[in-house]
1. Does Pro49 satisfy the condition of being under 30 Å from Gly231 (Cα atoms) and modelled with pLDDT of 85 or more?
2. Do you know which residues across region 161-183 are exposed (fewer than 14 other Cβ atoms within 10 Å of the Cβ), at pLDDT below 90 and closer than 22 Å to Gly81 by Cβ?
3. Scanning for something surrounded by 14 or more Cβ atoms within 10 Å (Cβ to Cβ), closer than 27 Å to Ser47 by Cβ and hydrophobic (A, V, I, L, M, F, W, C), does region 208-217 turn up at least one residue?
4. Any residue in region 32-60 that is closer than 22 Å to Ala197 by Cα sitting within a Cβ distance under 7 Å of a residue that is away from the ligand (no atom under 12 Å from the Cβ)? List the pairs, counting only those 6 or more apart or interchain.
5. Counting just the residues of region 23-61 that are of a type in the set (A, V, I, L, M, F, W, C) and assigned to a helix (DSSP H, G or I), which one comes out nearest to the ligand (Cβ to nearest atom)?
6. Among the residues of region 96-126, which ones are within 25 Å of Lys46 (Cα to Cα) and either over 15 Å from the mean Cα position of the chain (by Cα) or at pLDDT below 90 (or both)?
7. Where the second residue is of a type in the set (D, E, K, R) and within 8 Å of the ligand (Cβ to nearest atom) and the first is within 19 Å of Glu198 (Cβ to Cβ) and lies in region 68-88, which pairs have Cβ atoms under 6 Å and are six or more apart or on separate chains?
8. Give the residue, chosen from Leu83, Leu70, that is of a type in the set (A, V, I, L, M, F, W, C) and either modelled with pLDDT of 95 or more or over 13 Å from the mean Cα position of the chain (by Cα) (or both).
Amino acid sequence: MLSRTSLQIGRTTARCVSLQQRRSATYLILGKPGGGKGTISKKILKSFPSFLHLSTGDLLREEVNSGSELGKKAKDIMSTGALLPDQIILDLVQSTISKSGSPKNLLLDGFPRTLAQASSLDEMLKVDHVIALDVPDQTIIERTSDRWLSQSTNRVYSYSYDPPKVKGICDDTGEELIQREDDKPESVLKRLDTYRAETAPLNEYYGDRVEVFEGETSDVIFEQVEKFVKGVGE
Ligand code: ADP
């Protein structure tokens with residue numbers, strides 16, 4: 001599996017190396033599902049606009065919403081909390097990076113998520129810093145059951161800290177809020193299991209490039225992340 005992936009990715013290595021040369025840093029944000037990677041990423045982008053944010057979860061949800069062939073395939077897998085095959089993800093990342101022009105810095109969110117993906121990424125780009133979010137399982141279970149969204153705009157509400165004015169209704173569009181299929185309790189437990197088996201080993205893989213941030217709220221975590229990014233340089 002790994003060598004097939006590497007071979008296929010190898011065909012485009014030359015173009016990726018030139019992408020690498022035009023970037024000053026690649027950051028990876030790593031952590032449990034529902035652990036605030038998306039929220040911390042948004043805050044990083046606000047403070048450091050030079051980053052290109054690449055979230056494989058967001059890219060896949062766009063495919064699902066557009067009804068593409070990939071989206072149809074992704075929908076069922078995502079709703080169970082399992083991972084998509086590595087090659088599909090690698091193709092998606094490859095084409096997004098190629099189309100992205102030359103932003104100064106890259107912020108990877110939700111990718112790589114397996115050792116095979118990390119090994120293929122090494123052939124494209126060097127990851128300089130890993131921002132690892134350490135959030136207790138219980139916080140994640142409570143947070144995901146609280147997270148609801150507006151389907152047409154993708155605006156995310158949290159009943160605990162960013163509730164809509166009227167329960168269950170989007171402030172902007174008036175439509176009924178929905179829960180992400182994979183935020184339903186049985187999927188969240190499955191996603192946590194998948195994280196432990198497939199993604200947690202990346203902490204060891206990246207070794208001393210990993211910086212761990214702990215905290216129960218994104219605001220507390222982000223204060224430390226912001227200091228870190230300012231310290232090591234964008
Ligand atoms: P979370 O990190 O909270 O699980 P994401 O939005 O990053 O949320 O991912 C949602 C789902 O999309 C995952 O559960 C998985 O099914 C799929 N997915 C996202 N990124 C990857 C990836 N790198 N490899 C395989 N599947 C992925």
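1. It is true that Pro49 is under 30 Å from Gly231 (Cα atoms) and modelled with pLDDT of 85 or more.
2. Matches in region 161-183: none.
3. Checking region 208-217: at least one residue is surrounded by 14 or more Cβ atoms within 10 Å (Cβ to Cβ), closer than 27 Å to Ser47 by Cβ and hydrophobic (A, V, I, L, M, F, W, C).
4. Here the result reads Gly36/Ser218; Gly36/Ile221, each pair linking region 32-60 to a residue that is away from the ligand (no atom under 12 Å from the Cβ).
5. If we filter region 23-61 for residues that are of a type in the set (A, V, I, L, M, F, W, C), which is where we start, we get 25, 28-30, 40, 44-45, 48, 51-52, 54, 59-60.
Right, trim to assigned to a helix (DSSP H, G or I) and you get 40, 44-45, 59-60.
Numbers: Ile40: 12, Ile44: 15, Leu45: 16, Leu59: 8, Leu60: 5 Å.
Restricting to residues being of a type in the set (A, V, I, L, M, F, W, C) and assigned to a helix (DSSP H, G or I), the top hit is Leu60.
6. Residues satisfying the conditions are Thr96, Ile97, Ser98, Lys99, Ser100, Gly101, Ser102, Pro103, Lys104, Asn105, Leu125, Lys126.
7. Met78/Asp182; Ser79/Asp182; Gly81/Asp182; Gly81/Arg191
8. Values: Leu83 fails: either modelled with pLDDT of 95 or more or over 13 Å from the mean Cα position of the chain (by Cα) (or both).
Matching residue, one of Leu83, Leu70: Leu70.
The values are calculated or read from the model by the stated rules, or taken from the named source; none is laboratory data. Owing to the predicted nature of the structure, the values given are computational and were not obtained by experimental measurement. Positions of Cβ are backbone-derived with ideal geometry, glycine not excepted, and every protein chain shown enters the neighbour counts.
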